[in-house]
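Please read the structure below before turning to the comments.
Throughout, read-outs are computed from the coordinates displayed, never taken from laboratory work. Worth saying up front: this structure is predicted, and the values here are computed from it rather than measured. Cβ sites come from the backbone with ideal geometry, for glycine too, and all protein chains shown count toward neighbours.
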Amino acid sequence: MANYYQPEIETASPEQIRAWQDERLVAQVKHVWDNVPYYRAKMEEKGVTPDDIKSCADLHKLPFLTKDDLREAYPYGLMGKPLSECVRIQSTSGTTGKRVVAFYTQKDIDLWEDCCARAIMAVGGTKDDVCHVSYGYGLFTGGPGLNGGSHKVGCLTLPMSSGNTDRQLQFMCDLGSTIICCTPSYAEYLAESIEERGLKDQIKLKAGIFGAEAWSENMRHDIEEKLGIKAYDIYGLTEISGPGVSFECEDQTGMHINEDHFIAEIINPETGEVLPEGEKGELVFSCITKEAFPLLRYRTKDICVLTREKCSCGRTFVKMSKPMGRSDDMLIVKGVNVFPSQIEQVLLEQGYPANYQIVVDRVNHSDTLEVMVEMTPENFSDNLGQITEMEKSLVAALKAMLGIYAKVKLVAPKTIARSEGKAVRIIDKRKI
C-alpha cells in the first residue's frame, strides 16, 4: 500500500496537474515582472511581457536564468519579496567565491517542508518512525529541509547533522532510528563503522534517503546490503529550494518531481531548444509557488531524462532519471559544489600560473580532493621546508574559497601533461 503525504496532489490527474501549472505559472510571471527588476529587464530584452504567457505552452518564450545571473544579481537582485517578509536564507558555494544565497518567506519554508514530507512518506515513513537526519545543518539545505519534512510527517526527528560518528551510532542504537537521511558516502562510512563495532543487531534502520552527491546503482546495492535497508534517492538545489524538488518512491526507478511547485523542461544545452519527452538533455526548472526567490527557467546544468510512464506507486508526477553528468565542469565533492574556476582564482591570487590538475577520488567511502599545482620558474625551489610552507598557505586559501579541505601538491614547472596543448584539468577516479 503506497504511502502519500498529500494523496490528492501526488495522485492528481495529469489534466489537474497541468491546470495547476498553467494557473500558477501565469501568476508567477506577473509576480516576477512586478517585483524582480533584474528578470523583468531580461524579459524586456527578449520582447516578452506577462500578457504573452497564458499557459505552460508559452514557457519557452521566457528567458533562461543561470548561475551567472545569480552571481551578477547577488545578494538581493532576484528577490521577489521585501526583506521584511523573508524569514530565512540558505546558501551554497558559487562559482567564484560569491555564494548562492536563496531567500524564503514562511510560506516558502512550509511548501518546501511539504515536499520533504512527501519524500519521507514515499519511502514508507510514518509518525511512528524515528528519522535520523545526518545531513549538514546551518546554511546547507540538506539538514533543515529533511528536518522540517520529518516534523510534518510526525516522525521523532533526530537533528544529528554530519560527523561525530560515535554519537550518531549511539543515538541510532539507543533511540532506534528507522530512517537515515545523509549523503550516500556517509551512509557507506556508517555501515562500515557499524560492522567494525559489531552493532548490526542493534540497528533498526529500514530506509535511507540519500542525496547531495552522485552515486551509482552499485553503491545503492552495496548500502542496502550492508545496512539491511532500502536506499532512496532525493534531488534538489539550493537555488530552487533544497532537497525534495524530486524524490524516489518504492519503485526506485527515478525521482518524482513535485510538479505542483516546479515545472521541469529538458533542453539542448548547446541551443537552448526544448527537447521532446524521453530525450536526454539539460534539466531546467521554473518555480511556480515560491515567493521570495522565484526563479523561472533556471538551468541546472544537470543532464537527465524525463519520463511519464505509469509508476507502480500511483503517483502521477513526472519522473527524472538520476543526473547522468553535467553540461559544465562543476564537481560535487563531499556534497559541496567545486568549480575549477574557483581553484584557478585562488592560484592566480597566490601568484601561481593556472597550470593545475584536480584529482578527485573516494577513499574509505569519503571523497578526497587533491590539487596538483605547477610552480613558476621564479618560485620553483627544491627546499622542502619552503615547499611545505607554500603548500600550507595554498591549502588555507583553498579551504577559505571552497569550504572543504583540498590537499595541495606543488610540482616542478612543465610537469603537468598537456594534451593537444590543453591541460586535462579534472581526473575523477570515483566509481560513480
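Taking other C-beta atoms within 10 angstrom as a stand-in for reagent exposure, 49, 183 fall in the order 49, 183, fewest first.
If the chain between residue 52 and residue 71 were fully stretched, how many nm would it gain, using 0.36 nm times the residue separation less the Cα-Cα distance?
Numbers: separation 19, 0.36 × 19 = 6.84 nm, distance 2.79 nm.
So the chain would gain 4.0 nm between residue 52 and residue 71.
Of all DSSP-defined beta bridges confined to the chain, some 65% are antiparallel rather than parallel. With a cut-off of 16 Å, note down the residues of the stretch 132-158 whose backbone N falls inside the zone around a label point 7 Å from the Cα of residue 193 toward its beta carbon. Correct set: 132-137, 158. Using a simple spin-label model with pseudo-atoms 7 Å out from Cα toward Cβ, residue 405 and residue 426 lie 2.3 nm apart.
Among the listed pairs 319/431; 301/409; 127/230; 230/322; 392/414, a Cα-Cα separation exceeding 27 Å is found for 301/409.
Extension gain for the segment residue 44 to residue 30, taken as residue separation times 0.36 nm less the Cα-Cα distance, is 3.7 nm to one decimal.
Please report the net charge: other residues with Cβ closer than 10 Å to the Cβ of residue 60, K and R +1, D and E -1. Residues near residue 60 contribute -1 overall. Antiparallel beta bridges, as assigned by DSSP with both residues in the stretch 332-428, represent about 60 percent of the total such bridges. When the alpha-carbon atoms of the stretch 332-428 are used, the pair Rg, Dmax equals 13.1, 39 angstrom. Modelled label positions at residue 84 and residue 364, each set 7 Å beyond Cα in the direction of Cβ, lie 5.4 nm from each other. Annotation: lysines with alpha-carbon distance below 26 angstrom to residue 81 (same-chain offsets under eight excluded): 30, 42, 46, 54, 61, 67, 98, 107, 152, 290.
Using C-alpha positions alone, give me the convex hull volume of the chain per residue in cubic angstrom. Show your work: numbers first, answer last.
Working: hull volume 67.7 nm³, N = 432.
Here the figure is 157 Å³ per residue.
Were the residues from residue 64 through residue 164 laid out at 0.36 nm apart, the gain over their Cα-Cα distance would be 31.9 nm.
Rounded to two decimals, what ratio of Rg to Rh does the stretch 4-161 give with C-alpha atoms and a Kirkwood Rh? Rounded to two decimals, Rg/Rh equals 1.02.
Distance between the pseudo-spin-label points of residue 253 and residue 174 (7 Å out from Cα toward the beta carbon): 4.4 nm.
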